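Take a look at the structure set out below.
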Amino acid sequence: MDWTARFTLSHALEIRVTPTGSMVAQGSMSQAPLNLTPDLLLALLSFAGGVTATEALARLSDRFGVERDAFETSVAGLITSGYVVPVGDAAAPAATGLFSDVLLHVTMLADKVRVAAYRDALAIAAPGQRVLDLGTGSGLLAVLAARAGARRVFAIEETAMADLAVQVFAAAGCEVTLVRRSSRDVVLDEPVDVIVHELLGSDPLAEGMLPSICDARRRLLVPGGRLVPHRIEILCVGVGTGGAARDRAATLKSLAGVAAAADALTPLADAVRALPGRAFVVNLGDASFEVLTEPLPLHDLDLTSVGEDACAAPVHGDLRVTRHGRLDAIVTYFRAHLAEGIVLSNAPDTPHTHWEHRITGVSAARAVMPGDRVAVAAWRETALKYEQLVVDVVS
């Protein structure tokens, strides 16, 4: 470890106290959460404001009697994990989880609908502009921007995919400035004209889109600059899964049907009855479904002005039923507006993309017929870097 180099806390760092009283830190979805022991927490906080390791140790040794060897071990781990980062524009160690998976990026690249939409949008937005690809991954969007005639292209990538992105840029013959850090820790020589991003999961909040976009927009984009996509609509529909979803009643029925042992399972049935409704709102994977309602808009996010807590307040509305069936699940989806007339979506009625349909059960299924209205509520749940939008029927 270089004791004379200046380090500081990553701006992406988030610390929370768990229900059991432990303190947990995370800086990225591609990093494993870190349990902060008292020693680690002291070492971490000693770098607040940007200091050398020598200065940080001096902060602690007089007051807490921290020994140099133990401090060095702790700090080396914090640097490797990306919680403590170099001051300035030096590369940070690569995150190696989740979005560093090569096969995940191949799946996205094989999505012809996604690639074509971004290609067409950048053909409109990029020519003559300074463009930033926020979370470049394999580097594709940066290459598309460069080939569309961007004046200069920057790409940010915090994971080990950055090594492959460099090779992609070279193979494409494109000049791209790659920054190997969390976007929260990036400072550019001057703001860019366009930020292109694809921070969308099947649940549009799941990849931390809003916090990342709001920070990048504020610090890295010129006033009035362009975002691609610039608007995200989040909607849902009520669906029937033919019994794939299990609400409380279906779960109790299955217990009652256990041959020769239903009476012995009474305690388990009582436990099921005591569960909160949220316990039955679970992801159903690739279950088949039939759409039974009109779409219900939940959020309409103008990314040029939205705040990172735009989806924090619960939303209530009514699903309008259009066909007979048993409504036992909800499909939540997005419509991403990349440019005028270019919309990318994982809605049930749009061309297939790599985004799976996000199907979640409801706490209380019901038979429905055309003209019925089913009240639902949607709310955001967060856990460190992970967010999700949960939708359920209202009893």
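Since every read-out is calculated from the coordinates, none of them should be taken as a lab result. Here the structure is a predicted model, which means the values were calculated and not measured. Don't worry about glycine lacking a Cβ; one is built from the backbone with ideal geometry, like all the others, and counts go over all protein chains shown.
Ranking Trp355, Trp3, Trp379 by Cβ neighbours within 10 Å, fewest first, what do you get?
Trp3, Trp379, Trp355
Rounded, prolate or oblate: pick one for region 6-86, where a ≥ b ≥ c are the square roots of the eigenvalues of its C-alpha gyration tensor, a/c under 1.5 means rounded, and failing that, prolate if a/b is larger than b/c, else oblate. Numbers along the way, then the final one.
On the way: a/c = 2.02, a/b = 1.38, b/c = 1.46.
It is oblate, given that a/c is not under 1.5 and a/b is not larger than b/c.
Please check: in the Gaussian network model of the chain (C-alpha springs, under 10 Å), which one of Ala95, Ala271, Ala25 has the largest mean-square fluctuation.
Looking only at Ala95, Ala271, Ala25, the biggest GNM fluctuation is shown by Ala271.
For a Förster distance of 51 Å, can you work out the FRET efficiency between the beta-carbons of Glu290 and Ile124, rounded to the nearest 0.05?
About 0.85, to the nearest 0.05.
Calculate the spin-label point distance for Met369 paired with Asn283, positioning each point 7 Å from the Cα along the beta-carbon direction, and give it in nanometres.
3.7
Where the only charges are on Cβ atoms (+1 Lys, Arg; -1 Asp, Glu), what is the dipole of region 47-93 about its Cα centre, to the nearest 20 debye? Each step should come with its number before you reach the end.
On the way: 3 positive and 6 negative charges, 22 e Å.
That gives region 47-93 a dipole magnitude of about 100 debye.
Using the Cα atoms of the chain, I'd like the radius of gyration and the largest Cα-Cα distance, Dmax, both in angstrom.
24.2, 74
So, in Å, what gap is there between the alpha-carbon centers of region 298-373 and region 1-15?
Measuring centre to centre over Cα atoms gives 40 Å.
Pop out the ³J(HN,Hα) list for region 374-381 in order, Karplus 6.51 cos²θ - 1.76 cosθ + 1.60 with θ = phi - 60°, rounded to Hz; leave Gly and Pro as x.
Computed from phi, the couplings for region 374-381 are 10, 6, 9, 10, 10, 8, 8, 10 Hz.
List the relative contact order of region 88-192 as a percent without decimals, with contacts defined as Cα pairs under 8 Å and 6+ residues apart.
After rounding, I find 31 percent.
In whole angstrom, note down how far apart the Cα centers of region 120-138 and region 62-77 are.
44
Among Val321, Val75, Val282, rank each residue by its count of other Cβ atoms within 10 Å, from fewest to most, as a rough exposure measure.
Numbers: Val321 20, Val75 23, Val282 13.
With the fewest neighbours first, Val321, Val75, Val282 line up as Val282, Val321, Val75.
Work out the charge dipole of region 232-393 with +1 on the Cβ of Lys and Arg and -1 on the Cβ of Asp and Glu about the Cα centre, then indicate which of Trp355, Pro370, Leu275 is farthest towards its positive end.
Towards the positive end, the residue furthest out is Leu275.
Got a sec? Which residues in region 19-62 would a label at Thr4 touch, if it sits 7 Å along Cα→Cβ and we count backbone N under 15 Å?
From region 19-62, the list is 52-55.
With charges set only on the Cβ (+1 for Lys and Arg, -1 for Asp and Glu), what does the dipole of the chain come to about its Cα centre, in debye to the nearest 20?
Roughly 580 debye, rounded to the nearest 20.
Antiparallel DSSP bridges in the chain: what percent, to the nearest 5?
On the way: 55 of 72 bridges.
In the chain, approximately 75 percent of DSSP beta bridges are antiparallel ones.
For Thr54 and Ala250, FRET efficiency with R0 = 56 Å and r from the beta-carbon atoms, rounded to 0.05? Don't jump to the answer; show the numbers that get you there.
Working: r = 63 Å, r/R0 = 1.13.
E(calc), rounded to 0.05, equals 0.35.
Using a 10 Å Cβ count of at most 15 others and DSSP loop calls, identify the longest part of the chain lacking such trypsin sites (Lys or Arg not before Pro).
Counting at most 15 other Cβ atoms within 10 Å as exposed, the longest clean stretch of the chain is 152-322.
Can you sort Cys214, Cys311 from fewest to most other Cβ atoms within 10 Å of each residue's own Cβ?
Cys214, Cys311
Provide the convex hull volume over Cα atoms per residue for region 232-393, in Å³.
Looking at region 232-393, the number lands at 143 Å³ per residue.
How high is the relative contact order of the chain? Use alpha-carbon pairs under 8 Å, at least six apart in sequence, and give a whole percent.
Answer for the chain is 15 percent.
Please turn the phi angles of region 240-253 into ³J(HN,Hα) values with the Karplus equation 6.51 cos²θ - 1.76 cosθ + 1.60 (θ = phi - 60°), one per residue in order, whole Hz, x for glycine and proline.
x, 10, x, x, 5, 7, 10, 8, 4, 5, 5, 5, 5, 5
Can you tell me the dipole magnitude for region 232-393 around its Cα centre, using point charges on the Cβ only (Lys, Arg +1; Asp, Glu -1), in Debye to the nearest 20?
My answer is approximately 580 debye.
Over all distinct alpha-carbon pairs, what is the Kirkwood Rh of region 98-198 in angstrom? Mind showing how you got there, number by number?
Numbers: mean 1/r = 0.0748 Å⁻¹.
The answer is 13.4 Å.
For an R0 of 45 angstrom, estimate the FRET efficiency from the Cβ-Cβ distance between Val17 and Val166 and round to the nearest 0.05. Let's see the in-between values first.
On the way: r = 39 Å, r/R0 = 0.87.
With a Förster radius of 45 Å, E is 0.70.
Go through region 276-374 and name the GluC sites (Glu not before Pro) that are in a DSSP coil and have 16 or fewer other Cβ atoms within 10 Å of their Cβ.
For GluC sites (Glu not before Pro) across region 276-374 that sit outside H, G, I, E and B with at most 16 neighbouring Cβ atoms in 10 Å, the list reads Glu308, Glu340, Glu356.
Got a sec? Charge dipole of the chain, +1 on Cβ for Lys and Arg, -1 for Asp and Glu; which of Val51, Pro33, Tyr333 is way out at the positive end?
Of the listed residues, the answer is Tyr333.
Alpha carbon centre of region 16-33 versus region 146-209: separation in Å?
26
From the phi angles alone, apply the Karplus equation (6.51, -1.76, 1.60; θ = phi - 60°) to region 91-98 and give each ³J(HN,Hα) in whole Hz, x where the residue is Gly or Pro.
Per residue, the Karplus-derived 3J(HN,Hα) values read 5, 9, x, 6, 6, 10, x, 6 Hz.
For Thr52, what residues show an amide H to amide H distance below 5 Å, using hydrogens built from the backbone and excluding near sequence neighbours?
When sequence neighbours closer than 5 places are left aside, the close amide H contacts are Phe7.
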